[in-house]
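For reference, the structure discussed in these notes is given below.
The values are calculated or read from the model by the stated rules, or taken from the named source; none is laboratory data. The structure displayed is predicted, hence computed values, not measured ones. Backbone-built Cβ (ideal geometry, glycine too); neighbour counts: all protein chains shown. For accessibility, only protein heavy atoms count, side chains too; no ligands or nucleic acids. Shrake-Rupley method; radii C 1.70, N 1.55, O 1.52, S 1.80 Å.
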Amino acid sequence: MAADIEVIAEMRATVMRTDLERLGRYDEHRVRQRLRDSFSPHHTSIIMIGRELAGCVTVRPAEGRQWLEHFYLTPHHQGRGLGSAVLRTVLERTDTQGMTVGLNVLQGSAARRLYERHGFVVEAQDPIDVFMMRRPEAMANTPAQA
């Protein structure tokens, strides 16, 4: 999986570029280095569609919860339900474990709507990041999605 780090770093740079530029935070080197610095092969799942890399997701324990990190889908796999399917699978596992899930998303990112549809609520925010969480019982109190 170590060889995948650079491929994933490139995917991250591509996926996050628009939001980071909008926030005045895009840095060609830093966007890749942040992934390299925090990448955890043990906690990362690579998402493949056939033989094509479609994305990745990291779920790692920290601070008494599971942290959803590095959840990226290549641009041509976005908007087709794949993100919802992956997130549902992750949340079924964390619900079974009785674990709260935390994440952060960039201000103004379209991904926030995905997380809200799956029961995440805002815990805190700053001018750049929105910190969200979802308790395991969150979906039991949310109307069924069509």
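Observations, loosely collected:
- Residue list for the stretch 51-64, filter: open to solvent by 30 Å² or more (accessible area, probe 1.4 Å) and out of contact with any His (no Cβ under 7 Å at 6 or more places or on another chain): Arg51, Glu52, Leu53, Pro61, Glu63, Gly64
- Meets criteria (within 19 Å of Val7 (Cα to Cα), touching a residue at least 40 places away in the same chain (Cβ under 8 Å), crowded, with 17+ Cβ neighbours inside 10 Å and within 14 Å of the chain's Cα centre (by Cα)) for Thr44: yes
- In the stretch 65-87, of all residues being farther than 13 Å from Leu114 by Cα and assigned to a helix (DSSP H, G or I), the one that is least open to solvent (accessible area, probe 1.4 Å) corresponds to His77.
- Inter-residue pairs, beta-carbon under 7 Å, first touching a residue at least 24 places away in the same chain (Cβ under 8 Å) and in the stretch 14-28, second surrounded by fewer than 16 Cβ atoms within 10 Å (Cβ to Cβ) and among the small types (Gly, Ala, Ser), 6+ apart: Asp19/Gly108; Arg22/Gly108
- For the stretch 13-41, taking the residues that are assigned to a loop (DSSP other than H, G, I, E, B) and of a type in the set (Ser, Thr, Tyr), the one that is farthest from the chain's Cα centre (by Cα) is identified as Tyr26.
- Single residue of Glu21, Glu63 found to be among the charged types (D, E, K, R) and on the phi > 0 side of the Ramachandran plot: Glu63
- The listed residues are Glu6, Glu10, Glu63, and the only one of them that is more than 12 Å from the chain's Cα centre (by Cα) and either more than 28 Å from Pro127 (Cβ to Cβ) or modelled with pLDDT of 95 or more (or both) turns out to be Glu6.
- Test: Val122 is modelled with pLDDT of 95 or more, open to solvent by less than 20 Å² (accessible area, probe 1.4 Å) and not in a loop (DSSP other than H, G, I, E, B): no
- Thr96 vs. criteria among the hydroxyl-bearing types (Ser, Thr, Tyr), more than 29 Å from Glu10 (Cβ to Cβ) and either modelled with pLDDT under 95 or surrounded by fewer than 15 Cβ atoms within 10 Å (Cβ to Cβ) (or both): yes
- Residue in the stretch 52-60 that is assigned to a helix (DSSP H, G or I), modelled with pLDDT of 95 or more and hydrophobic (A, V, I, L, M, F, W, C) present: no
- Considering residues of the stretch 2-41 that are within 16 Å of Gly55 (Cβ to Cβ) and among the β-branched types (Val, Ile, Thr) only, the residue surrounded by the most Cβ atoms within 10 Å (Cβ to Cβ): Ile8
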